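Novice: Shown below is the structure under consideration.
The values are calculated or read from the model by the stated rules, or taken from the named source; none is laboratory data. Please read all numbers here as calculations on a predicted model, not as lab measurements. Here the Cβ positions follow ideal geometry from the backbone for every residue, glycine too, while neighbour counts run over all protein chains shown. We work out accessible area using only protein heavy atoms, side chains counted, and drop any ligands, DNA or RNA first. Shrake-Rupley method; radii C 1.70, N 1.55, O 1.52, S 1.80 Å.
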Amino acid sequence: MFPKAALTALSFLAIAVSAQQVGTLTAETHPKLPWYKCTKAGGCVQQSNGAVTVDANWRWTHSAASGSTTNCYTGNTWDSTLCPDDVTCAANCALDGADYSGTYGVTTNGDALTLKFVTQSAQKN
């Protein structure tokens, strides 16, 4: 059993931790992609049904207020009202899901991955 002091310390740590909010305007549906382990002796054997994800740096960060589409980051600048500091920004902003094929040109077919980083949608990405 944890000593009482350790549990107390962990409870204070949990209070101080903040995290990025989860956006709900775009569903996060990862394209499926299997991965393989290849050896000289055994050739290539499928290990798992994996999936592809787009780094958070490429995703839309917007106000976490219900239904809001106000950007938290535009160009090279964080919104000074929503993000005066890291903790406030994490509380005020949500990182949304990704439209992999539509916005980022990321598609899979079996074990093939296609990446087209410049795609045409409402704007050139």
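Novice: In the P(r) worked out for the range 53-94, what percent of Cα pairs fall beyond 15 Å?
Specialist: The calculated P(r) of the range 53-94 puts 38 percent of pairs beyond 15 Å.
Novice: Of the listed peptides 89-96, 40-47, what is their order by residue-averaged count of other C-beta atoms within 10 Å, with the highest listed first?
Specialist: Per-residue mean Cβ counts within 10 Å order the peptides as 89-96, 40-47.
Novice: Return the sequence-ordered ³J(HN,Hα) values of the range 69-74 in whole Hz as given by the Karplus equation 6.51 cos²θ - 1.76 cosθ + 1.60 applied to θ = phi - 60°, using x for Gly and Pro.
Specialist: My calculation for the range 69-74 gives 10, 6, 5, 8, 9, 10 Hz in order.
Novice: Through the Karplus equation 6.51 cos²θ - 1.76 cosθ + 1.60, θ set to phi - 60°, convert the phi angles of the range 48-62 into ³J(HN,Hα) values in whole Hz; use x for Gly and Pro.
Specialist: Using θ = phi - 60°, the values come out as 6, 8, x, 8, 9, 9, 9, 4, 4, 4, 8, 9, 7, 10, 9 Hz.
Novice: Here's a follow-up. Would you please put 98-105, 109-116, 71-78, 20-27 in order of how densely packed they are, using the mean number of other Cβ atoms within 10 angstrom per residue and starting with the highest?
Specialist: My ranking of the peptides, most packed first, is 98-105, 20-27, 71-78, 109-116.
Novice: If the chain between CYS44 and THR24 were fully stretched, how many nm would it gain, using 0.36 nm times the residue separation less the Cα-Cα distance?
Specialist: 3.3 nm
Novice: Also, quick follow-up: Where only protein heavy atoms count, and the probe is 1.4 Å, what is the accessible area per residue for the range 16-118 in Å²?
Specialist: 67
Novice: Magnitude of the Cβ-charge dipole of the range 14-109, K/R +1 and D/E -1, about the Cα centre, nearest 20 debye?
Specialist: Here the size comes out at about 580 debye.
Novice: Hey, can you grab everything whose amide H is under 5 Å from the amide H of ALA94? Only 5+ residues off in sequence or another chain; H modelled, so Pro and N-termini drop out.
Specialist: Those lying under 5 Å, H to H, from ALA94 are HIS62, SER63, ALA64.
Novice: Additional query: Which three lengths, in whole Å and largest first, does the range 34-111 cover when its Cα atoms are put on their principal axes?
Specialist: Principal-axis extents of the Cα atoms in the range 34-111, largest first: 59, 26, 23 Å.
Novice: Using a simple spin-label model with points 7 Å from Cα along the Cα→Cβ vector, what separation in nm is obtained for VAL87 and PHE117?
Specialist: So the label points at VAL87 and PHE117 sit 3.6 nm apart.
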